[in-house]
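Below is one structure; the comments refer to it alone.
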Amino acid sequence: MAKFTRGASKVSNYIVCNGKQCLYLLITLLSCGLSFFMGALNGSVVQTPCEIPNELTLKKTSFSKQSLDDANIEAIVNQRVNAELSKAGVMPIISNRLRFDEGIKNLAQGIVRVKKDEFTKNFDFGTPVNRGDGSKAEVLLFYSSSSAFPSRVEDSFKAQYEGNDGIALLNVTEATANCESVNVITTSNGKYTCTAIVGNHESYHVQRWYRGQSSSLQAVSRGIRDNGGSAFKLPEVHDIEEHQKSLQTYFNHLDEVIAELKPIAERVAKKNTIIVMTCNSGQSELLMNFVCNARSKSLDVSNILVFPTDEDTKKMAEGLGLATFYDKRNFKNMPERAANFYGDRTFVAMMFAKVVCVQLISMLGYDLLFQDVDVIWFRNPLDYFHDESNPFYNFDMYFQDDGAHSARYAPFSANSGFYYARNNDKTRHFFTTLLYSGDIIIRWFSHQQALVQLMAEHASQFGLRVKVLDRDMVEFPGGFHYHSRKNKDYMKKIMKGDLPAEIFHMSWTNNKKDKLKFFQQMGQWYVRKECITKESRNSFVQDNTNLSKPSLTESCCLADAEVICHYRDKPSIIPCKESNPIDKGGRSFW
């Protein structure tokens, strides 16, 4: 649950009116007086629909019971007020019935509707917003007391009393003008889901009860699936022991690692920002393509610091002109081969490198952009994050929207292969806590899943401000867009440069071989075929250069992209209709 608070910026309670609003207010005040007078004749003061904010509320006082009860008095007053409003051409809105009964007055005393698009724009918690429900989608806003009601008299009545038109629709500014805080609950209710709001001690977690195969509802974790399995399994003993060994190595050598890393980071940083990448030999050709691709577009990569996990990758990265820091103590047992698929043992082992490299840079006090090697640039994305006129500038961290919005990645659905973090106490603590959570990464076979769950807790507990760059934004497309049949025109515009994309991330792709082929189809592959494998690259470079450090870019980078068709059913910058599909029954992209 997200919480927004006004703090010291309390809004003064003034009533401003003109025209019919003033007539409404006058009639209301007269009605209050009439009701008070009638109550006094009968020996009691009664509650009328005049309970409005701004010190105009008449409190009910308990006296002896009279023959004319409160409801009858309210009915008479409301009939007269409605009659006067009708004469003035104002739609009568006052009824005799409160929206909420006495039993839940400590939970809700009023309710209105506001447009969802308007609400999420004003109260941006950073999570992706579901656009599939259309522009007509609305938000229900409950008021815990009359003090939080809208300032306009007629709007406060609409919130508190039932009307002919159902729950009133207000604009978000008017609806929240007197809210001291706003608790936001997001939910995607299934067909048989019920949602309960309980007045109790404050909680910022949603508790879940689930029937499943049982005859009664049972308390469960939020990760329980329909088949009874869980997306959030507890680490086993061997997971904990494996992580403890990694942490022991990390802390045993931390001082010497920092001493070696600090001067390198100082040389690389620009505007206190370092672009962090990590890579093993098995993924090295993707790193090479990133550099060759950026070089072809004259983009500056001088503040990139690569954390290679083996000697061969260190040499290759330096041959591309990149700064490196090879941490032999922490990375000596890392696999050199490429992962065969998402979540395999090689993939999971490399996740520790992704955690350590950003935690070290964060500890040193730098802003950082982390990216996987399967990213290419259209322009330097640091300009986007450094732009103080950016409407999202005041967030602490920025992530690409992964596109997978299941409970496993809820609520942020952040992609851990491309993100930017400003250096502050919140982000430093977050990266350190992620380092300590390696046993969960091992158990879940996912750095991304652990990161998202931890991030949600830090956002709630410490106020960490995270912005997920909505997948509808054209600046940060990725594998979700590439593999979705609904994005054909979008992908054509991206490949032709007709949309202002900052980067492209080839996520949602099983392995390195497919990523290479997809980049070739997109017209974003800039590595000579002789340099794709480590063996052929070493032989080719040795035969054609003097092996000076910047030699790889001269020997292996292409001036123009190599465009090759592989699959007719995947996006391509040229028609690939004659190629076989990669997916069974896949239709041509063109």
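Take D514 and tell me if it is in a helix (DSSP H, G or I) and modelled with pLDDT under 95. Spelling it out, it is not the case that D514 is in a helix (DSSP H, G or I) and modelled with pLDDT under 95.
Considering each of S298, S284 in turn, give the residue that is small (G, A, S) and surrounded by 15 or more Cβ atoms within 10 Å (Cβ to Cβ).
From the options S298, S284, the qualifying one is S284.
When the test is whether a residue is more than 17 Å from R379 (Cα to Cα) and in a helix (DSSP H, G or I), N289 does not pass it. Is it true that S203 is of a type outside the set (D, E) and either on the phi > 0 side of the Ramachandran plot or under 25 Å from the mean Cα position of the chain (by Cα) (or both)? Considered against the rule, which asks whether it is of a type outside the set (D, E) and either on the phi > 0 side of the Ramachandran plot or under 25 Å from the mean Cα position of the chain (by Cα) (or both), S203 comes out as yes. Give me the residue from the stretch 109-140 that is in contact (Cβ under 8 Å) with a residue 40 or more places away in the chain and among the aliphatic types (A, V, I, L, M) and, out of that set, surrounded by the fewest Cβ atoms within 10 Å (Cβ to Cβ). Result: I111.
Just one of the listed residues (Y436, Y398) is closer than 26 Å to M350 by Cα and either more than 13 Å from the chain's Cα centre (by Cα) or not assigned by TED's automatic domain parsing to the domain that holds F290 (or both), namely Y436. Picking from residues in the stretch 203-218 that are out of contact with any strand residue (DSSP E or B) (no Cβ under 8 Å at 6 or more places or on another chain) and either surrounded by 11 or more Cβ atoms within 10 Å (Cβ to Cβ) or free of Cβ contacts under 8 Å to residues at least 24 places away in the same chain (or both), the one that is nearest to V139 (Cα to Cα) is V206. If you go through the stretch 390-410 one residue at a time, do you hit one that is in contact with an Asp or Glu (Cβ under 7 Å, 6 or more places away or on another chain) and of a type in the set (K, R)? No, there is no match, as no residue in the stretch 390-410 is in contact with an Asp or Glu (Cβ under 7 Å, 6 or more places away or on another chain) and of a type in the set (K, R). Scanning the stretch 414-456 for residues that are part of a helix (DSSP H, G or I), surrounded by 22 or more Cβ atoms within 10 Å (Cβ to Cβ), touching a residue at least 60 places away in the same chain (Cβ under 8 Å) and touching a strand residue (DSSP E or B) at 6+ places or on another chain (Cβ under 7 Å) gives a single hit, H447. When we screen S572, S536 for residues that are of a type outside the set (D, E, K, R), in contact (Cβ under 8 Å) with a residue 12 or more places away in the chain and either buried (at least 20 other Cβ atoms within 10 Å of the Cβ) or not assigned by TED's automatic domain parsing to the domain that holds G319 (or both), the only hit is S572. Test L305 against the stated conditions and say whether it is within 29 Å of the chain's Cα centre (by Cα), more than 21 Å from A561 (Cβ to Cβ) and buried (at least 24 other Cβ atoms within 10 Å of the Cβ). Criteria met by L305. Of all residues in the stretch 168-197, none that is on the phi > 0 side of the Ramachandran plot has its Cβ atom under 6 Å from the Cβ atom of a residue that is surrounded by 18 or more Cβ atoms within 10 Å (Cβ to Cβ), 6 or more apart or on another chain.
Screening F504 with (1) surrounded by 19 or more Cβ atoms within 10 Å (Cβ to Cβ); (2) assigned to a helix (DSSP H, G or I); (3) touching a helix residue (DSSP H, G or I) at 6+ places or on another chain (Cβ under 9 Å) gives one miss only, at (2). For the stretch 171-198, a residue qualifies if it is among the small types (G, A, S) and in contact with a strand residue (DSSP E or B) (Cβ under 8 Å, 6 or more places away or on another chain), and the qualifying residues are A175, S181.
Which ones in the stretch 124-144 are out of contact with any Ser or Thr (no Cβ under 6 Å at 6 or more places or on another chain), of a type in the set (V, I, T) and part of a loop (DSSP other than H, G, I, E, B)?
T127
The condition of being touching a helix residue (DSSP H, G or I) at 6+ places or on another chain (Cβ under 6 Å) and at positive phi does not hold for W525.
Going through (1) modelled with pLDDT under 95; (2) under 23 Å from Y161 (Cα atoms); (3) crowded, with 17+ Cβ neighbours inside 10 Å; (4) not acidic (D, E) one by one, S145 falls short only on (3). Condition check for K513 on (1) in the same structural domain as D402 (by TED's automatic domain parsing); (2) surrounded by fewer than 23 Cβ atoms within 10 Å (Cβ to Cβ); (3) closer than 20 Å to V348 by Cα; (4) free of Cβ contacts under 8 Å to residues at least 40 places away in the same chain: one failure, at (1).
For Y250, the criteria (1) part of a loop (DSSP other than H, G, I, E, B); (2) of a type outside the set (A, V, I, L, M, F, W, C); (3) touching a Leu at 6+ places or on another chain (Cβ under 8 Å) hold in every case but one, which is (1). Got at least one residue in the stretch 473-485 being of a type in the set (S, T, N, Q), at pLDDT below 95 and touching a Phe, Trp or Tyr at 6+ places or on another chain (Cβ under 8 Å)? No - not one qualifying residue is present in the stretch 473-485. Can you tell me how many residues within the stretch 393-413 are at pLDDT 95 or above, closer than 26 Å to A294 by Cα and not in a strand (DSSP E or B)? Selection size over the stretch 393-413: 1.
For the criterion of being outside any helix (DSSP H, G or I) and aromatic (F, W, Y), F476 passes.
All conditions in (1) surrounded by fewer than 23 Cβ atoms within 10 Å (Cβ to Cβ); (2) touching a Gly at 6+ places or on another chain (Cβ under 8 Å); (3) in a helix (DSSP H, G or I) hold for A459, with the sole exception of (1). Scanning the stretch 219-239 for residues that are surrounded by 10 or more Cβ atoms within 10 Å (Cβ to Cβ) and part of a loop (DSSP other than H, G, I, E, B) turns up S221, R222, G223, R225, G228, A231, F232, K233, L234, P235, E236.
The values are calculated or read from the model by the stated rules, or taken from the named source; none is laboratory data. Given the structure is predicted, the values throughout are model-derived calculations rather than measurements. Neighbour counts run over all protein chains shown; Cβ positions are idealised from the backbone, glycine included.
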